[in-house]
Structure formats: structure tokens, C-alpha cells
1. All but one of (1) within 30 Å of Glu139 (Cα to Cα); (2) part of a loop (DSSP other than H, G, I, E, B); (3) touching a Pro at 6+ places or on another chain (Cβ under 8 Å) hold for Ile230, so report the exception by its number.
2. Could you give me the residue pairs with C-beta distances under 9 Å whose first residue belongs to region 303-320 and is in contact (Cβ under 8 Å) with a residue 60 or more places away in the chain and aliphatic (A, V, I, L, M), whose second residue is open to solvent by less than 30 Å² (accessible area, probe 1.4 Å) and in a loop (DSSP other than H, G, I, E, B) wherever it lies, and which are 6+ apart or on separate chains?
3. I want to confirm something. Restricting to region 199-211 and keeping residues that are at pLDDT 85 or above and open to solvent by less than 40 Å² (accessible area, probe 1.4 Å), which single residue is farthest from Leu123 (Cα to Cα)?
4. Can you find a residue that is part of a strand (DSSP E or B), out of contact with any Gly (no Cβ under 9 Å at 6 or more places or on another chain), open to solvent by 100 Å² or more (accessible area, probe 1.4 Å) and free of Cβ contacts under 8 Å to residues at least 40 places away in the same chain anywhere in region 160-168?
5. If you go through region 265-279 one residue at a time, do you hit one that is open to solvent by 20 Å² or more (accessible area, probe 1.4 Å), touching a helix residue (DSSP H, G or I) at 6+ places or on another chain (Cβ under 6 Å) and at pLDDT 95 or above?
6. For region 321-358, what are the residues that are under 30 Å from Asp133 (Cβ atoms) and either part of a strand (DSSP E or B) or touching a strand residue (DSSP E or B) at 6+ places or on another chain (Cβ under 6 Å) (or both)?
7. Name the pairs whose Cβ atoms lie under 6 Å apart, with the first residue in region 251-265 and within 9 Å of Gln121 (Cα to Cα), the second of a type in the set (S, T, N, Q), and 6 or more positions between them or separate chains?
Amino acid sequence: MAEKRDYYEVLGVQRNTSKDQIKDAYRKLAMQYHPDRNKSLGAEEKFKEISEAYAVLSDDQKRQQYDTLGHSGFDQRYTSEDIFRGADFDSIFRDMGFGDLFRTFFGGGGFGGERRSNIGQDLAYDLEITLEDAAKGTEKEIEIPRTERCDVCGGSGASPGTTAKVCPRCGGSGQVQNMRKSSFAMYVQVTVCPTCRGKGKLIEMPCSNCHGSGLVRKRRKISVRIPMGIDEGYQLRLRGEGEMAPNGGEAGDLYVVVHVKPHLQFMREGDDIWYVAIITYPQAALGAEITLPTLDGPTTVKIHPGTQAGEVITLRGKGMPRFRAYGKGDLFVRIGISVPEKLTPQQRALIEQLATEFNTDVQAKNRKFHF
């Protein structure tokens, strides 16, 4: 597979370009490469490429993830379905007069595979976890409200012991056709059957539990497995855990959006984490061994004599597990030196004596420099 080009380069925009400018840039390129207008070799692949770039850069969350992680990290976290989900192509192509070709072109809405029309709505759930949960992986139980098949009628909508009848007007299709003739052509208009309201069946005795819909509202507890190394904003897809569709259709999907709470001690940066260790001046000057927290538990670190404020110590493999890959990131420890705000008379006398020694040493060193 060829390496993907930078999305900003694909659309010909700068990294600080606004969403409206990105939309305008995509509209111009779509007019140029849309399959209805351009039949030349390579136009179809170009159209797919610019559409993928627009789907990412027009979404604030996906754009931020892409800017942070680049192609390699972003592609590990987002599938093709994730990339195109929620992107507003309909309004763009409707304004351009292309109708629903985008859905046909990418197959079922651009989400990588044709889906039946009778399918329940997808659901989204925001789940907050700790950095430790993200590092070690965990399992969380969530509770969501959703529509499910009625247990009393089995989803038929008819009262137990009775059956629904096929609609005589549409023959069970749920649609009717109306023909209209003009001076130049014959038009066929397909609309929802007004008799059965698109269901294809007529229920004479509705179920008392679901009132004939075949669906009821419930709160369902679902277990969600959180993989190691997951990052902020990643979406976990649970197939078939969304809303149930009427008339025996299949359920939609549930998308669990993961949010990692800010940590009191660590700051995450991709697979690496940062920690600030505050030491005393004697420890920095003389050297010491200090104990630091890590995601795997406490560890001992040596401070070499003469350590300066702002120095960074790297602990290899003490960072976050790489998401769906091998290995771990690193833990970077930035050194800070604590300066006492109040001194006892004895401490002040000792520091003043030490200051005199340091001044003598500095003056001796300065005499060695010549310009």
C-alpha cells in the first residue's frame, strides 16, 4: 500500500486553515474529480483521497488527533468507517447537484460496506477513564437507554395470539408508486405507503406492551473492554448494541468515546509520559538516590552530582503501552530544585558562608577568561 500523503497537502491548504476554507477547498476539488464529471484514469482514486482528507480535517476531534499523531498514529486509532462517520458530504453534493452518489460511490454511506436501510440508529456514549486504566487496560460496565425488541409480542407489534396482515395497498413493500406524465417523459414517484405508513403490514390488535411498534425502551448494562494504551478521543465500536430497528430490522452500533482524565502527577504525550521531580539543592549538588512513581509502581533513580534545574532523565520503557502494538513509550523526568521560602538563623548563616565560598570560586574562574 502506497504511503498516504499529508491531508493538508491533499487539499492544498495550510495547517492553520479554518473549517470554512477547508470546505471550500474540498468543494473545488470535488467538482474537478467527481466521477460524474471526470472519467479520466486516476480521477476516482483522487476523489477518494480528497474525500478522506476532508472527512478528517472538517472534524475538530479527528483533526486534533491527526495533527498530534500524524498518519501512522492516526491510522492505528481510526478505521475507514471511523474516518467517514459524521462527515457532512450530503449538503456539499446536494448543492453541487450530485445527489446521493457519494453514498453509492463509497458503498453504504462511505463507511466501508453496504448496509440495509432497515437498521437501527447508532448510539454514542462518553466514557471517562483514568490514565492507569488506559495503561493497564480494564473492563468497564456502562448503562445505556435504548430501544429493544418487545418481549411480549416478539417485535411483531401484534397482540399475542394475533398476527399482522400484509398491507393490501403496497403488497407488503411499504412503498407505492405514482406515475406522472409530462410532455417529454414519464416520471415515477416512489413514496411511503400511506395505509401502512411504510411498515408493509397492518396490525388490527396492537400489543398492549409496545402499542404496536414492536419496540420498547429499556436501560441495558453493557460490559466494555478497554485495551491497553488507548488514548483520548478513541472510539470503540460495539456492533449491534445500538437502537433496534422496527419491523425486524437489525440493531445499530454503539460507539464508546473514551476520555482519559488528567493525571495529578503525569502528563501524557503520545506513548510517552512526563513527570516533574522536585529535589533539594544538596541533592542536586552532591548527588542522591530518589524514589519516583511510575505507572508500574515506585522506582529508584540516581541523581548525579551537579544536576541542574531543568535537566531531563529518561527512563526507557516506563511510559504507556503502545496501542495495538508492541513495546512501551518512555518516562521523562524533569528535575526541579526546591528553594526554601523561610530560613532559620543557623540555616541562613550556613548558606551565607557557602555563598562566600561560591563567590570566591566564581571570581577565580572569571579571571581565566579573556576577550
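The values are calculated or read from the model by the stated rules, or taken from the named source; none is laboratory data. This is a predicted model, so every value here is computed, not measured. Neighbour counts are summed over all protein chains in view; Cβ atoms, including those assigned to glycine, are modelled from backbone coordinates with ideal geometry. For accessibility, only protein heavy atoms count, side chains too; no ligands or nucleic acids. Shrake-Rupley method; radii C 1.70, N 1.55, O 1.52, S 1.80 Å.
1. Single failed check for Ile230: (3).
2. Met320/Gly229; Met320/Asp231; Met320/Gly270; Met320/Leu295; Met320/Gly329
3. Going through the qualifying residues, I end up with Cys207.
4. Filtering region 160-168 for residues part of a strand (DSSP E or B) gives 165-166.
Narrowing further to those that are out of contact with any Gly (no Cβ under 9 Å at 6 or more places or on another chain): 165.
Now drop any that are not open to solvent by 100 Å² or more (accessible area, probe 1.4 Å), which leaves 165.
Now narrow it down to the ones that are free of Cβ contacts under 8 Å to residues at least 40 places away in the same chain: 165.
Looking through region 160-168, at least one residue is part of a strand (DSSP E or B), out of contact with any Gly (no Cβ under 9 Å at 6 or more places or on another chain), open to solvent by 100 Å² or more (accessible area, probe 1.4 Å) and free of Cβ contacts under 8 Å to residues at least 40 places away in the same chain.
5. Of the residues in region 265-279, the ones open to solvent by 20 Å² or more (accessible area, probe 1.4 Å) are 265, 267-272, 274-276, 278.
Checking which are touching a helix residue (DSSP H, G or I) at 6+ places or on another chain (Cβ under 6 Å) leaves us with none.
No.
6. Going through region 321-358, the residues under 30 Å from Asp133 (Cβ atoms) turn out to be 321-336.
Correct list: Pro321, Lys328, Gly329, Asp330, Leu331, Phe332, Val333, Arg334, Ile335, Gly336.
7. Every condition considered, the pairs that remain are Gly252/Gln121.
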